[in-house]
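Novice: Structure below; questions to follow.
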Amino acid sequence: MNEIASALAGKFVVFDGPDGSGKSTQMKRFMQWCREQGLVVKEVREPGGTAIGEQIRQVLLDPVNEGMTIQCEMLLYMASRAQLVEQEIVPALSRGELVVADRFVSATLAYQGAAGGLPTKWIQQVAEVAVSGHWPDITLILDVDDVTAASRLNPLLDRMELKGREFHRRVREGFLEQARLMPDLYCVIDSSQDADAVETAVQNAILKQFCTEIPQK
Ligand code: TMP
């Protein structure tokens, strides 16, 4: 195992950001790079990632559920998360794997908090229950302006993506605000650059957080 792999083994990294930020592509590239370093990578996604969580995901994203209250929505995201933490994340971390999550509590703070209007304190209190102490070591926010984001979305939008421009502007602001408040635990990556540049920026952010002795690219 090389130096990067030993620094990242047993760590928990989250990719998050507005819809259309290119997070899934970048996660794939990042996990490939990590595997090349010799790491065992555990990939999880939210909402979902377990059989129970995938059922919750269907309820959350189905456009038929437009009457869902914001409280119900927040609790369902957290319920899916609680199952994922216990069933997948904690065992992988204790096996010394690198856990890479597609969204986490940061998404609830941005979507149901900053954009949806729920107080941050409520979300944090429920999150304490859902994650039971297993907070990420770093959350990478892939940041993108709304015009670029909209151009990257599949034309068949889900219930969350259908919420409109102003909602998504507040989501983006919610992510940036978290990064301003917790600079040691968050890193904002400019995701409007081309994919290769974003990939390098992601790797540099990881080296800076976990391997201070290895020079960045
Ligand atoms: P995805 O597109 O990354 O699979 O995420 C599904 C949608 O769910 C996306 O629009 C973001 C939204 N979401 C929340 O609103 N709150 C959350 O806590 C999470 C995890 C996702």
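The values are calculated or read from the model by the stated rules, or taken from the named source; none is laboratory data. Computed from a predicted structure; not experimentally measured. Backbone-built Cβ (ideal geometry, glycine too); neighbour counts: all protein chains shown.
Novice: Look through 91, 119, 63 and report the one residue that is more than 14 Å from the ligand (Cβ to nearest atom) and closer than 22 Å to residue 18 by Cα. Working first, answer last.
Specialist: Working: 91 fails: closer than 22 Å to residue 18 by Cα; 63 fails: more than 14 Å from the ligand (Cβ to nearest atom).
Checking each option against the conditions leaves just 119.
Novice: Would you tally the residues in the range 159-191 being modelled with pLDDT under 95 and either of a type in the set (Gly, Ala, Ser) or touching a Gly at 6+ places or on another chain (Cβ under 6 Å) (or both)?
Specialist: 1
Novice: Determine, yes or no, whether residue 161 is farther than 17 Å from residue 25 by Cα, within 18 Å of the chain's Cα centre (by Cα), surrounded by 14 or more Cβ atoms within 10 Å (Cβ to Cβ) and not hydrophobic (A, V, I, L, M, F, W, C). Steps first, please.
Specialist: Working: farther than 17 Å from residue 25 by Cα: yes; within 18 Å of the chain's Cα centre (by Cα): yes; surrounded by 14 or more Cβ atoms within 10 Å (Cβ to Cβ): yes; not hydrophobic (A, V, I, L, M, F, W, C): yes.
Taking the combined requirement at face value, the residue satisfies it.
Residue by residue, here is whether (1) hydrophobic (A, V, I, L, M, F, W, C); (2) more than 13 Å from residue 131 (Cβ to Cβ); (3) in contact with an Asp or Glu (Cβ under 7 Å, 6 or more places away or on another chain) holds:
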{"residue": "72", "(1), (2), (3)": "yes, yes, no"}
{"residue": "80", "(1), (2), (3)": "no, no, yes"}
{"residue": "85", "(1), (2), (3)": "yes, no, no"}
{"residue": "92", "(1), (2), (3)": "yes, yes, no"}
{"residue": "102", "(1), (2), (3)": "no, yes, yes"}
{"residue": "108", "(1), (2), (3)": "no, no, no"}
{"residue": "111", "(1), (2), (3)": "no, yes, no"}
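Novice: Same structure again: For the range 31-49, name all the residues that are within 20 Å of residue 11 (Cα to Cα) and under 16 Å from the mean Cα position of the chain (by Cα). Don't jump to the end; show me each part of the working.
Specialist: Here is the first cut: in the range 31-49, the residues within 20 Å of residue 11 (Cα to Cα) are 31-46, 49.
31, 41, 42, 43, 44, 45, 46, 49 - these are the residues of the range 31-49 that are within 20 Å of residue 11 (Cα to Cα) and under 16 Å from the mean Cα position of the chain (by Cα).
Novice: State the number of residues belonging to the range 89-147 that are free of Cβ contacts under 8 Å to residues at least 24 places away in the same chain and either part of a strand (DSSP E or B) or among the charged types (D, E, K, R) (or both).
Specialist: 2
Each row is one residue, and each column tells you yes or no for (1) more than 13 Å from the ligand (Cβ to nearest atom); (2) touching a residue at least 12 places away in the same chain (Cβ under 8 Å); (3) touching a helix residue (DSSP H, G or I) at 6+ places or on another chain (Cβ under 8 Å).
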{"site": "16", "(1), (2), (3)": "no, yes, yes"}
{"site": "25", "(1), (2), (3)": "no, yes, yes"}
{"site": "31", "(1), (2), (3)": "yes, yes, no"}
{"site": "36", "(1), (2), (3)": "yes, no, no"}
{"site": "41", "(1), (2), (3)": "yes, yes, yes"}
{"site": "49", "(1), (2), (3)": "no, yes, yes"}
{"site": "56", "(1), (2), (3)": "no, yes, yes"}
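Novice: Same structure, new question: Among what's in the range 198-217 and is of a type in the set (Val, Ile, Thr) and not in a helix (DSSP H, G or I), pick the residue that is surrounded by the most Cβ atoms within 10 Å (Cβ to Cβ). Don't jump to the end; show me each part of the working.
Specialist: Let us first name the residues in the range 198-217 that are of a type in the set (Val, Ile, Thr), namely 198, 200, 202, 206, 212, 214.
Subset that is not in a helix (DSSP H, G or I): 212, 214.
Details: 212: 10, 214: 14.
Restricting to residues being of a type in the set (Val, Ile, Thr) and not in a helix (DSSP H, G or I), the top hit is 214.
Novice: Also: Against the definition (hydrophobic (A, V, I, L, M, F, W, C), free of Cβ contacts under 8 Å to residues at least 24 places away in the same chain, outside any helix (DSSP H, G or I) and more than 19 Å from residue 116 (Cα to Cα)), how does residue 156 come out, yes or no?
Specialist: Numbers: hydrophobic (A, V, I, L, M, F, W, C): yes; free of Cβ contacts under 8 Å to residues at least 24 places away in the same chain: yes; outside any helix (DSSP H, G or I): yes; more than 19 Å from residue 116 (Cα to Cα): yes.
Considered against the rule, which asks whether it is hydrophobic (A, V, I, L, M, F, W, C), free of Cβ contacts under 8 Å to residues at least 24 places away in the same chain, outside any helix (DSSP H, G or I) and more than 19 Å from residue 116 (Cα to Cα), residue 156 comes out as yes.
Novice: Just to verify a result, which residue in the range 170-197, among those that are basic (Lys, Arg) and surrounded by 15 or more Cβ atoms within 10 Å (Cβ to Cβ), is farthest from residue 103 (Cα to Cα)? Break it down stepwise before answering.
Specialist: First pass over the range 170-197, keeping only residues basic (Lys, Arg): 170, 172, 180.
This time we only want the ones that are surrounded by 15 or more Cβ atoms within 10 Å (Cβ to Cβ), so: 170, 172.
Numbers: 170: 17, 172: 14 Å.
Restricting to residues being basic (Lys, Arg) and surrounded by 15 or more Cβ atoms within 10 Å (Cβ to Cβ), the top hit is 170.
Novice: Just give me the residues in the range 172-194 being within 11 Å of residue 142 (Cβ to Cβ) and in contact (Cβ under 8 Å) with a residue 24 or more places away in the chain, in sequence order. Full working, then the answer.
Specialist: Narrowing the range 172-194 to residues within 11 Å of residue 142 (Cβ to Cβ): 172, 175, 187-193.
Hits for the range 172-194 are 172, 175, 187, 188, 189, 190, 191, 192.
Novice: Let me ask something additional. If you check 103, 152, which single one turns out to be charged (D, E, K, R), closer than 24 Å to residue 76 by Cβ and within 13 Å of the ligand (Cβ to nearest atom)? Lay out the reasoning, then the answer.
Specialist: Numbers: 152 fails: closer than 24 Å to residue 76 by Cβ.
The conditions single out 103.
Novice: Here is a further query. State which residue is surrounded by the fewest Cβ atoms within 10 Å (Cβ to Cβ) when the search covers only the range 122-149 and only residues that are within 14 Å of the ligand (Cβ to nearest atom) and closer than 20 Å to residue 188 by Cα.
Specialist: Checking each candidate, the answer is 146.
Novice: Further question on the same structure: Can you confirm whether residue 184 is more than 30 Å from residue 2 (Cβ to Cβ) and charged (D, E, K, R)?
Specialist: Values: more than 30 Å from residue 2 (Cβ to Cβ): no; charged (D, E, K, R): yes.
No; evaluated as a whole, the condition is false for this residue.
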